[in-house]
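*Asks:* Before anything else, here's the structure in question.
The values are calculated or read from the model by the stated rules, or taken from the named source; none is laboratory data. These figures come from a predicted structure and were not determined experimentally. Every residue, glycine among them, receives a Cβ derived from its backbone with ideal geometry; neighbour counts consider all protein chains shown. The accessibility values were calculated without ligands, DNA or RNA, using every heavy atom of the protein model including side chains. Shrake-Rupley method; radii C 1.70, N 1.55, O 1.52, S 1.80 Å.
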Amino acid sequence: MSQDTLSQVLRSIRLRGAVFYHVEGNARWVSEAPPAAEIAELIMPGVEHVMAYHVLTHGSCWATVVGETPVSLQEGDVVVFPRGDPHVMSSEPGMRGSVDLHPYGLPRPEQLPFFASRQGESLSMARLDRDSEQHSATLVCGFFGCDAHPFNPLLDSLPHLLHVRARHGDDDDWIAHFIRFALSESNLKRPGGEALLERLSEAMFVELVRRYLDDLPEGQPNWLAGLHDRYVGRALALLHQRPGDAWTIDKLADRIGLSRSALHERFARFTGHAPMHYLAKWRMQVAAGLLRQSSAPVASIALEVGYESEAAFSRAFRRETCLPPATWRREQARLAEDTR
C-alpha cells in the first residue's frame, strides 16, 4: 500500500478540522443535526464539504443517520458522518429531536469550543430528565472540512456513518491523545488552544481513515481498499506521484506488471474508473490546487498536469467544474476574499 497516495489526496482536498462544542448531557437527552450543507457556511465559511464528528469522552450514547439503524457508542469511541447526512445523537436508540439552526449562527466565544450545559439548550438538546443520571455522557463535537470538487476520491470511499471504537491501553492512540487535549483545552482555554485542537483533529481524521482502511474486508471494491491492493495501490501511487507524465494504459500496465486488460478490470473494480479516466480527473484536482495557490499562467498549469494544449486542458477542466480555468480561479479568489 502507498501511504503517500492517501497523504497526497488529503493535502490536495485541503482537509481542515475544528472543535466547536463540548457537550454534557445527563439523563434522557437527544440532539438532532441538520444536513451539513445547511450549516456549512455558518460553521466553516468558504469550505465546500463539511463532516460532523463526535468523540465520546465519558459515558455512553447512540448515534444514527436519520432513518438508519442506531449505533451504540462507548467511552473513547468516535463517530463521523462523512457524507454530511442529518443525524441524531441521543441517550437511547430511536429518539428524535427538533432541528434548530440558530445555535450554529451564534457569535463565536472568545475562544472555541462552545460549552453546552447538561440541559443542552444551545445544541437543541431536548426531553432531558433531570431526575435521572443513568444516561450521562460527555462529548467533544466538531467538524472536518474539505474540497469535494473537482475530484475527491476519498469521500465516496467512506460510509455514511463511520464508527471507530476506542483502543484502551494503547499509549500511542491518537484518539486518546485528542480526548485528553480536547478536555484540557475546553476547560482551560489557553492561548493557542484553537490552533492546537484544529491540528489534532486533522491528525485524528487521518487515524480514523487508517483504522477504517485496516478493518476493510480484503477485496472490498472501493478506492481506499485499492490502496491496499498490490497492483492497484502501485498504479494509484504512480498516477498520483507523476500526474503530468504522458501515461497510457500500456505504460502503466508495464510498470506494475499486469496485462492491459487485467489492469483495466482490477483498477475499475476498486476505483470505479478506468485508469486513464481516473488520471484525467486527478489531473483536474491537481490543476485546481495550482490555479488556487499560484499566479502561474493557465498554459503553464496545463503543461504541468500533462496537457500540451491550453485549449484541451480548458475543455477538460470545464467538463469537471462547469467553468473555464481562468473564470474558476477568479471565483475561488472571490470566495477566499469573502471569508476573510
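*Asks:* Skipping prolines and chain starts, which residues have an amide H placed within reach, meaning under 5 Å, of the one on residue 73, given they are 5 or more residues away or on another chain?
*Replies:* 61, 62, 63
*Asks:* Do any chymotrypsin sites (Phe, Trp or Tyr not before Pro) in segment 247-340 lie in a loop, going by DSSP, with at most 12 other beta-carbon atoms within 10 Å of their beta carbon, and if so which?
*Replies:* none
*Asks:* Anyone know which of 239, 303, 161 comes out most mobile in the 10 Å Cα GNM of the chain?
*Replies:* Sorting by GNM fluctuation, first place goes to 303.
*Asks:* Just the number, please: carbon plus sulfur as a percent of the accessible area of the chain, 1.4 Å probe, no ligands or DNA/RNA counted.
*Replies:* 49 percent
*Asks:* With every protein chain kept in the model, how would you rank 223, 174 by accessible area, 1.4 Å probe, largest at the top? Write out the running numbers ahead of the final one.
*Replies:* On the way: 223 10, 174 100 Å².
The residues order as 174, 223, largest area first.
*Asks:* Students often get this wrong: which residues of segment 152-180 have the backbone nitrogen under 16 Å from the point 7 angstrom along Cα-to-C-beta of residue 188?
*Replies:* Residues 177-180 qualify, since their backbone N sits under 16 Å from the label point.
*Asks:* What does the convex hull of the Cα atoms of segment 46-92 come to per residue, in Å³, rounded to a whole number?
*Replies:* Details: hull volume 3.6 nm³, N = 47.
Hull volume normalised by residue count: 77 Å³.
*Asks:* If you don't mind, there's one more thing I want to ask. Using amide H atoms built in the peptide plane, which far-off residues or other-chain residues are under 5 Å from residue 49 H to H?
*Replies:* For residue 49, whose amide H was placed from the backbone, the distant partners under 5 Å are 146, 148.
*Asks:* Okay, next question. Relative contact order, percent, of the chain when contacts are C-alpha pairs under 8 Å separated by at least 6 residues?
*Replies:* 21 percent
*Asks:* With every atom except the alpha carbons ignored, what do you get for Rg and Dmax of segment 141-186, in angstroms?
*Replies:* Cα-based Rg and Dmax for segment 141-186 come out at 14.4, 41 Å.
*Asks:* Let me ask you something else. I want to verify a result. In a Gaussian network model of the chain, Cα cutoff 10 Å, which of these has the top mean-square fluctuation: 60, 12, 300?
*Replies:* It is 300.
*Asks:* Any idea of the accessible area per residue across segment 139-243, 1.4 Å probe, to the nearest Å²?
*Replies:* Computed with neighbouring chains in place, this is 45 Å² per residue.
*Asks:* Summarise the long-distance tail of P(r) for the chain by giving the % of C-alpha pairs beyond 37 Å. Mind dumping the intermediate values first?
*Replies:* Details: 14580 of 57630 pairs.
Counting pairs separated by more than 37 Å, the tail of P(r) holds 25 percent.
*Asks:* Then there's this: Take residue 14 and residue 198, extend 7 Å from each Cα along the Cα→Cβ direction, and tell me the distance between the two endpoints in nm.
*Replies:* That separation, rounded to one decimal, is 1.3 nm.
*Asks:* If the elastic network links every pair of Cα atoms under 10 Å, which of 272, 306, 257 fluctuates the most in the Gaussian network model of the chain?
*Replies:* Highest fluctuation among the options: 257.
*Asks:* Determine the calculated [θ] at 222 nm for the chain from helices alone, applying -39500 (n - 2.57) to every DSSP H run no shorter than 4 residues and normalising by the residue count; nearest 500 deg cm²/dmol.
*Replies:* That comes out to -13500 deg cm²/dmol.
*Asks:* Could you pull out every residue, at least 5 positions away or on a different chain, whose amide H is within less than 5 Å of the one on residue 20? Hs are placed 1.01 Å off N in the peptide plane, and Pro or chain starts have none.
*Replies:* 141, 142, 143
*Asks:* Can you give me the accessible area per residue for segment 281-340, using a 1.4 Å probe, in Å²?
*Replies:* 57 Å²
*Asks:* Each residue of segment 46-52 in order: what ³J(HN,Hα) in whole Hz does its phi give by Karplus 6.51 cos²θ - 1.76 cosθ + 1.60, θ = phi - 60°, with x for Gly and Pro?
*Replies:* With the stated coefficients, segment 46-52 comes to x, 8, 6, 10, 10, 10, 7 Hz.
*Asks:* Turning to a different aspect of this structure: Loop only by DSSP, 13 or fewer other Cβ within 10 Å of the Cβ. Give me the GluC sites (Glu not before Pro) in segment 237-340 that pass, ordered by residue number.
*Replies:* Sparse-neighbourhood loop GluC sites (Glu not before Pro): 308.
*Asks:* Just to check I understand the Karplus step: with θ = phi - 60° and J = 6.51 cos²θ - 1.76 cosθ + 1.60, what whole-Hz values come out for segment 28-44, glycine and proline as x?
*Replies:* 9, 9, 8, 9, 10, 9, x, x, 4, 4, 6, 10, 4, 5, 7, 8, 9
*Asks:* So, one more: How high is the FRET efficiency between residue 42 and residue 269 when r is their beta carbon distance and R₀ equals 45 Å, given to the nearest 0.05?
*Replies:* 0.70
*Asks:* Sticking with this one: Quick one: what Rg and Dmax do you get for segment 1-112 from the alpha carbons, in Å?
*Replies:* Gyration radius and largest Cα-Cα distance of segment 1-112: 15.4, 46 Å.
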